[in-house]
Structure formats: C-alpha cells, structure tokens
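Right, one structure below, let's go through it.
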Amino acid sequence: MAHSESKETQNLRHRAPRSSAGGETDVDPIRRRIMQRVRQRDTLPELAVRRFLHQKRYRFRLHVDGLPGSPDIVLKKYRTVIFVHGCFWHRHQGCRRTTTPKTRHQFWQAKFSANVKRDAISNESLEALGWRVIVVWECQTTTVLGLTQSLKSLLEFQTKPQS
Ligand SMILES: [Zn+2]
C-alpha cells in the first residue's frame with residue numbers, strides 16, 4: 001500500500017454495496033474506476049471471516065442472491081447469515097474508519113443514507129424469514145479477538161446441546 005494514498009482512497013478500496021450500481025453518472029471517471037474496482041467479492045475482510053469459520057469447521061455458502069441483501073456468507077444449518085461490512089460504506093458507528101469525504105458532501109450523505117437504509121431493510125426481511133443476521137465489521141476482521149466477538153452469537157449457538 002502506497003503511503004501517498006489519501007484516507008479517502010484507502011476507504012474506497014473496500015467494497016461498496018453491490019446494489020448501488022447505476023445512477024452514478026455524476027461521478028468523475030477516476031472515482032468511478034476506483035469504485036468499480038472495489039465493488040468486488042472476496043475482499044480481505046470477507047476472506048478473514050471465511051478462514052475463521054473454516055478453522056471452526058463451519059460449512060457455508062457464499063453470496064446467496066436468493067436472499068434479501070445477498071448475504072456474503074450463509075450458514076443454512078444454523079439459519080444464520082453474515083454480512084461483512086466495510087466501515088466506511090456501511091457507516092460503522094463510532095468507528096474511526098467511518099470518515100466522510102470533505103468534498104461533495106451531499107453526494108456522499110445521500111449515498112451513505114441509502115446504504116444504511118438498504119442494510120436495515122435487508123436485515124428486517126431476513127429476520128422476518130427466520131434468519132439470524134450477524135454483521136461483521138471490517139475493523140473487527142483484523143484480529144481473532146474481533147472475529148470471535150463479532151461472531152459470538154453463532155459460536156455460542158454451536159456449543160448449545162442439540163435438542
Ligand atoms: Zn469499524
């Protein structure tokens with residue numbers, strides 16, 4: 001990672017929500033290219049969560065499009081879905097990565113509130129369908145402790161006796 005990159009560019013590296021494609025005609029070409037590049041699957045935070053779950057011998061599916069919000073990880077056996085959210089794009093509250101670009105304030109605010117709203121709707125729809133929804137924030141994926149804490153409800157579920 002080049003040290004000359006701005007904080008904003010570093011944040012843009014993380015994936016934007018997939019469903020926000022389109023409607024971005026007012027984005028300048030360079031920013032658009034950056035955004036397209038980062039809007040990809042298999043981000044580092046996602047890989048960290050998958051590796052962690054593998055080590056715990058969980059079986060899961062990825063990017064299930066048939067479910068609201070296309071969750072990143074689906075553990076059918078545990079009726080649990082996991083979203084791995086970038087702190088910047090999904091506005092992790094109180095997180096130092098949740099910065100707001102200085103320029104084009106309204107553009108970003110609109111984008112952020114649309115993301116947050118979409119997340120809330122996905123969450124509600126999934127819960128209505130009987131899924132447990134876990135959000136793992138990007139900043140929690142850098143340590144085993146962070147992963148363990150964010151996935152606590154899943155890990156505890158596993159240790160419960162089967163009835
Ligand atoms: Zn965060």
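Throughout, read-outs are computed from the coordinates displayed, never taken from laboratory work. Because the structure is predicted, anything quoted here is derived from the model rather than measured. Note: ideal-geometry Cβ built from the backbone for every residue, glycine included; neighbour counts use all protein chains shown.
In this simple spin-label model, placing a label point 7 Å from the Cα along the Cα-to-Cβ direction at both ARG59 and VAL135 gives a separation of 3.1 nm. Shown in residue order for segment 65-75 are the 3J(HN,Hα) couplings computed by the Karplus curve 6.51 cos²θ - 1.76 cosθ + 1.60 at θ = phi - 60°: 6, x, 9, x, x, 6, x, 5, 9, 10, 10 Hz (x for Gly and Pro).
The relative contact order of segment 95-163 comes to 17 percent, based on Cα pairs under 8 Å that sit 6 or more residues apart.
Defining a contact as two alpha carbons under 8 Å apart and six or more residues distant in sequence, what relative contact order in percent does segment 37-157 show?
Relative contact order comes out at 27 percent.
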